[in-house]
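Below you'll find the structure, written out as structure tokens, and then a few comments.
What follows draws every value from the coordinates through simple rules; no lab data is involved. Every value quoted in this text rests on a predicted model; they were computed, and no experiment measured them. Neighbour counts are summed over all protein chains in view; Cβ atoms, including those assigned to glycine, are modelled from backbone coordinates with ideal geometry.
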Amino acid sequence: MAAFDYFKMNVHRAAALLGYSQETVDRLLTPDRVLKAPLSITMDDGSTQTFQAYRVQFSNARGPYKGGIRFHPDADEDEVSALAAMMAIKCAVVDIPFGGAKGGVAVDPKKLSLNELDAIARAYVQAFVEHLGPELDVPAPDVYTNSHIMGVMLEEYERITGTKAPAMITGKSLDMGGIVGRDTATSDGAIAVLDALLADQHRDITNLTVSIQGTGNAGARAATLLSDLGAKVVAMSDSKGALRNPEGIDVQKVLEKKDAGKSLNDTEFADEPFSHAQYDAEEIIGMSADILIPAALEEQIRLDNVESVKASIVLEIANGPITPEADESLAERRVVIVPDVLANAGGVTVSYFEWLQNRSGETWTKERVAERLEETMHDAYRDVADFALDRNCTLREAAYALALGRINDA
Ligand code: NAD
């Protein structure tokens, strides 16, 4: 997995900055626990099938382990371990009191009925129950799991332990103790970080242009927020195509069409009232804009297209969208990169608020969530930016070093 190689590289760089020994780095990169179990499920036709499940826990020095559970055919020990380690760093960057964890079940959810997926969710909890809990390890949704699956897992946990424990899992539906604003938290957090960075640079968002790669959950929300804030969104893309309009794209109208099932290569987007110029999807990277936001896939800015980047800021909402070589090239050109471990940590931050809410028995309002999220992301940006200034390093190096130091000192 390329992303884990980059991750390890970043950890090694940060460790060098901090003067850590190889022994310390090895310790910090070793999981506390790798849990594995075969889950045997009775299928709808009465047959039995077995699926391999994993939970990896990474450094609880700062608090309970925290991280999602994915249902995906490619889930394996290596991938789950890598993602668990990244969660530990992410939680430490935003300074929330959690360690890292990740879970996975090697299953193709598209081939199972809802009933069978619920059975997998229950079996997962049965297999790992002694290692889960509000003070031990707090899962959340990830690829192909959702608030419904979280609810099933919570019910199973409460049934087995005979306790009422909504704080044992986050990403629940509101009626089961979930928190308002979790679905938009990743992009809300990213835009809060951008806001702090622009204040540092004495730049006003209303004078800036933005291009956004990806119009999924994260990209669509980022586009909406930025246009609401008065930025000019001049380019957007999805997997099929890219749109450009130097006068500014009407984000809401484009997203309405997307919701109605149109892709951005549809000719409708070139006609009235849109009148966009249309391009191939990958061309978004080189389009003229002050701020480029990759919010789709990993490895989108590489040696072969890095020269085309015109933005002075890249906000990494996606995980690992820039390869290390491209990262270096952008840094040489003094392009400011807001690293994924900071930019997209708003999701886990609001999960933390959900955990707090459940433990205190309160229900947080939308306003309280928004206010605390903004405060947390602004503080995290300040810490990272000050470290970078102090050590004359990039924001990525600073974020990793700050997080590693916090984990090591805990
Ligand atoms: P999503 O599946 O909702 O959307 C992905 C988007 O990427 C879609 O619009 C798709 O059309 C687009 N896409 C796919 N291939 C593309 C290509 N070649 N060019 C341009 N666009 C392409 O996913 P999401 O939840 O929006 O997540 C996007 C990224 O953000 C991922 O890297 C994810 O890991 C990261 N992220 C998301 C969250 C979250 O809470 N949603 C949290 C942390 C990180």
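For the chain, just the Cα atoms, rotate onto the principal axes and tell me the three extents in Å, largest first.
59, 53, 41
HN-Hα J couplings of region 120-127 from phi, Karplus 6.51/-1.76/1.60, θ = phi - 60°, integer Hz, Gly and Pro as x?
With the stated coefficients, region 120-127 comes to 5, 4, 5, 5, 4, 5, 4, 5 Hz.
For helix 366-391, report the angle its Cα long axis makes with the longest principal axis of the Cα atoms of the chain; keep it between 0 and 90° and round to the nearest 10°.
Tilt relative to the chain: about 70 degrees.
Taking 31 Å as the cut-off for C-alpha to C-alpha distance, list the pairs among K90/K164; K262/K310; K240/K366; K8/K258; K240/K310 that go past it.
Long pairs (Cα-Cα over 31 Å): K240/K366; K8/K258.
What size of dipole, in debye to the nearest 20, comes out for region 32-166 about its Cα centre when the only charges are +1 on Lys and Arg C-beta atoms and -1 on Asp and Glu C-beta atoms?
300 debye
D for region 261-410, whole µm²/s, Stokes-Einstein with Kirkwood Rh over alpha-carbon pairs at 25 °C and 0.890 mPa s: what number?
138 µm²/s
What FRET efficiency, computed as 1/(1 + (r/R0)^6) with R0 = 22 Å and r the Cβ-Cβ distance, is obtained for A260 and K240, rounded to the nearest 0.05?
With R0 = 22 Å, the Cβ-Cβ based efficiency is 0.90.
Using the Karplus curve 6.51 cos²θ - 1.76 cosθ + 1.60 with θ = phi - 60°, what ³J(HN,Hα) values do you get for each residue of region 394-405, in whole Hz, with x for Gly and Pro?
7, 4, 5, 4, 5, 4, 5, 5, 4, 5, 4, x
Using amide H atoms built 1.01 Å from N in the peptide plane, name the residues 5+ places from I212, or on other chains, whose amide H lies under 5 Å from its own.
Excluding prolines and chain starts, which carry no amide H, the hits are A235, M236, S237, I293.
Under the definition of Cα pairs under 8 Å and six or more residues apart, what whole-number percent is the relative contact order of region 17-129?
Across region 17-129, relative contact order equals 29 percent.
Would you kindly state how much longer the chain becomes between R203 and S40 on full extension, computed as 0.36 nm times their sequence separation minus their alpha carbon distance, in nm to one decimal?
Separation in residues times 0.36 nm, less the Cα-Cα distance, equals 53.0 nm.
Could you give the nm distance between label points at K366 and A331, where each point is 7 Å from its Cα heading toward the beta carbon?
With each label point 7 Å from Cα toward Cβ, the separation is 4.1 nm.
If you find the alpha carbon centre of region 250-276 and of region 41-108, how far apart are they in angstrom?
Their Cα centres are 37 Å away from one another.
How many times 2.2 N^0.38 Å is the alpha carbon radius of gyration of region 358-410?
1.50
Using modelled backbone amide H atoms (1.01 Å from N, in-plane), which distant-in-sequence or interchain residues come within less than 5 Å of D142's amide H?
I69
Beyond 28 Å, what percent of the Cα pairs of region 168-314 remain?
When every Cα pair of region 168-314 is considered, 21 percent fall beyond 28 Å.
Could you please tell me the mean projected area of the C-alpha convex hull for region 270-341, averaged over all directions and given in square nanometres to one decimal?
With every direction weighted equally, the projected area is 5.0 nm².
From the phi angles alone, apply the Karplus equation (6.51, -1.76, 1.60; θ = phi - 60°) to region 298-315 and give each ³J(HN,Hα) in whole Hz, x where the residue is Gly or Pro.
Along region 298-315, the couplings run 7, 6, 8, 10, 10, 4, 6, 10, 5, 4, 7, 5, 10, 5, 9, 10, 10, 9 Hz.
Determine the percent antiparallel among the DSSP beta bridges restricted to region 32-166, to the nearest 5.
Of all bridge pairs located within region 32-166, approximately 65 percent are antiparallel.
Would you give the gap between the C-alpha center of region 383-410 and the C-alpha center of region 332-347, rounded to a whole Å?
13 Å
Where in region 345-385 is the amide nitrogen less than 19 Å from a point lying 7 Å along the Cα-to-Cβ axis of D175?
Flagged as within label range: 363-364.
Let me check against my output: what whole-number percent is the relative contact order of the chain, with C-alpha pairs under 8 Å and at least 6 apart?
17 percent
Assuming 0.36 nm per residue, please report the length gained on full extension of the stretch Q22 to D74 beyond their Cα-Cα distance.
Taking 0.36 nm per residue and subtracting the Cα distance, the gain is 15.6 nm.
Could you give the distance between the Cα centres of region 143-193 and region 290-329, to the whole Å?
31 Å
Which length gain, in nm to one decimal place, applies between K310 and L136 when the Cα-Cα distance is subtracted from 0.36 nm times their residue separation?
Gain in length upon complete extension: 58.1 nm.
For region 118-165, take N as its residue count and report Rg(C-alpha) divided by 2.2 N^0.38 Å.
1.04
From the gyration tensor of the Cα coordinates in region 32-166, what semi-axes in whole Å does the equivalent ellipsoid have, largest first, with each one equal to sqrt(5λ)?
25, 16, 12
Residues in region 100-134, backbone N under 14 Å from the label point at R359 (7 Å along the Cα-to-beta-carbon vector): list them, ranges by number please.
133-134
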